[in-house]
Structures are given as C-alpha cells and as structure tokens.
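Undergrad: For reference, the structure I am asking about is given below.
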Amino acid sequence: DGPCLVTYGDILFRPYMLDALLRADGDIVIVADALWRDREQSSEGLVRDLIVADRAFSTDFLDDAPVHLTAAGSNATPDDATGEWVGMMKLSAAGAVAARAELDAMEADGSLRDAEIPDFLNRLIAAGHTVQVQYITGQWLDIDDALDLARARNIL
C-alpha cells in the first residue's frame, strides 16, 4: 500500500539516479540505460531487460517531455530497443494500486509464477497504464558473476 520503490537486489548505481527517480513525476516510472549497447556484457548468454519507448534518449536539455514505455523484455528486440531496464522502478500510491491489481490478475490466470518483471511491465501497458521511462547514461552495474563483483570496487 502506498508509494514504493522496487529494485533488483544485484545492482549498484550512483546515488543521483535514485534521487532523480524519487523526484520523477508519474505513477509508474522505470529507469533505463540509454547507452546499453556501450555497456560491456560480462556473462556469456546474459539476457538483458531491453525496453522500447515512444522516444529515444536525447541530449537536448530543452526536450523534457515524458517518455513512455511501449514494450519490455521479450517484446523488445535489440534492433528496436531504446534502452535497458536497470532494475529500478518507482510506484506512486496510484501506481502501487495498479501494480497490485495486475499482480492479482497474473496470480488468478496462473502467469505470475513464471513471470519476470518485464512481463509484468508489458501487462501494465496492455491494461492501459502509463509506464514512464527515465533514461540514464551508464554509471550502474548488474552483478552477475565474479568479474562483475571485482568491477564493483570501482563504483564504491
């Protein structure tokens, strides 16, 4: 109940990313790395949580119109992807109500057990909810193996 923050437990990120997410408007807001193609892939066969938004990242500081998620996970191909979801999502009180309702629907139809967060995001979109995207440009790490753990020393 109420606003909340959802994050993967195996990510490291710069504090400004969390600050910006907490200040973001929108009932459901995710953080996506616009420079995902530049990020080294350390684990063989690593599946990335790619996203497609209605607008690609722009460096134009005068263009601050909201960006909305249109697809995530298996519904986002590398050719169409505008970013990689880093594993951070903010829900307002209204967003939490929408999220809980969708999770209940997924449990009722039997899809919750095998679902991943990108599946959940796609269902929110299909149900008519707006999922806003907040782009970042790197400066985070998903820890999947010993090499990633060694790299984590550079962030701390």
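Undergrad: Long-range amide H contacts for GLY87: which residues qualify at under 5 Å (H placed 1.01 Å from N, peptide plane, sequence gap of 5 or more or a different chain)?
TA: Excluding prolines and chain starts, which carry no amide H, the hits are VAL31.
Undergrad: Have a look at ALA93, ALA65, ALA146 and tell me which one the Gaussian network model of the chain (Cα, springs below 10 Å) gives the largest fluctuation.
TA: Per the Cα network of the chain with a 10 Å cutoff, ALA65 tops the list.
Undergrad: Additional query: At a probe radius of 1.4 Å, what is the per-residue accessible area of ILE117, in Å² to the nearest 10?
TA: 50 Å²
Undergrad: Right, another one. Tally the DSSP beta bridges in the chain and give the antiparallel ones as a percent, rounded to 5. If you can, show how the numbers build up before the last one.
TA: Numbers: 19 of 24 bridges.
Roughly 80 percent of the DSSP beta bridges within the chain come out antiparallel.
Undergrad: Counting only C-alpha contacts under 8 Å and six or more residues apart, can you give the relative contact order of the chain as a whole percent?
TA: Working: 256 pairs, mean separation 64.3, N = 156.
Dividing the mean separation by the residue count of the chain yields 41 percent.
Undergrad: HIS68's amide H: which non-local residues (gap 5+, or another chain) put their own amide H closer than 5 Å, with H modeled 1.01 Å from N in plane and none for Pro or chain starts?
TA: Counting only residues 5 or more places away or on other chains, the set is ASP54, ARG55, VAL133.
Undergrad: Could you work out [θ]222 nm for the chain from helices alone, using -39500 (n - 2.57) per DSSP H run of at least four and dividing by all its residues? Round to the nearest 500 deg cm²/dmol. Don't skip to the end; give the middle numbers.
TA: Details: 4 runs with 46 residues, N = 156.
Calculated at 222 nm, the ellipticity per residue is -9000 deg cm²/dmol.
Undergrad: Under 15 Å from the Cβ of ASP114, count the other residues' Cβ atoms, weight Lys and Arg +1, Asp and Glu -1, and hand me the total.
TA: Net local charge, ASP114 excluded: -2.
Undergrad: Please give the contour-minus-distance gain from ALA65 to ALA101: 0.36 nm per residue of separation, less the Cα-Cα distance, rounded to one decimal in nm. Walk me through the numbers before you get to the answer.
TA: Values: separation 36, 0.36 × 36 = 12.96 nm, distance 2.79 nm.
The span from ALA65 to ALA101 would gain 10.2 nm if fully extended.
Undergrad: On to the next question. If amide hydrogens are placed 1.01 Å from N in the peptide plane, which non-local residues have theirs closer than 5 Å to the one on ILE136?
TA: ALA32, ASP33, ALA34
Undergrad: What number comes out for accessible area per residue over the chain if the probe is 1.4 Å? Units Å², please.
TA: Values: 8770 Å² over 156 residues.
Ligands and nucleic acids excluded, the figure is 56 Å² per residue.
Undergrad: Separate question: So what J values fall out for the stretch 67-84 if you push phi through Karplus, 6.51 cos²θ - 1.76 cosθ + 1.60 with θ = phi - 60°, rounded to Hz, Gly and Pro as x?
TA: Per residue, the Karplus-derived 3J(HN,Hα) values read 10, 10, 5, 10, 6, 8, x, 5, 8, 10, 8, x, 5, 9, 4, 9, x, 10 Hz.
The values are calculated or read from the model by the stated rules, or taken from the named source; none is laboratory data. This structure is a prediction, so every number in the text was calculated from the model and none was measured. Heads up, the Cβs are rebuilt from the backbone with ideal geometry, glycines too, and the neighbour counts pull from every protein chain shown. Surface areas here come from the heavy atoms of the whole protein model, side chains and all, with no ligands, DNA or RNA. Shrake-Rupley method; radii C 1.70, N 1.55, O 1.52, S 1.80 Å.
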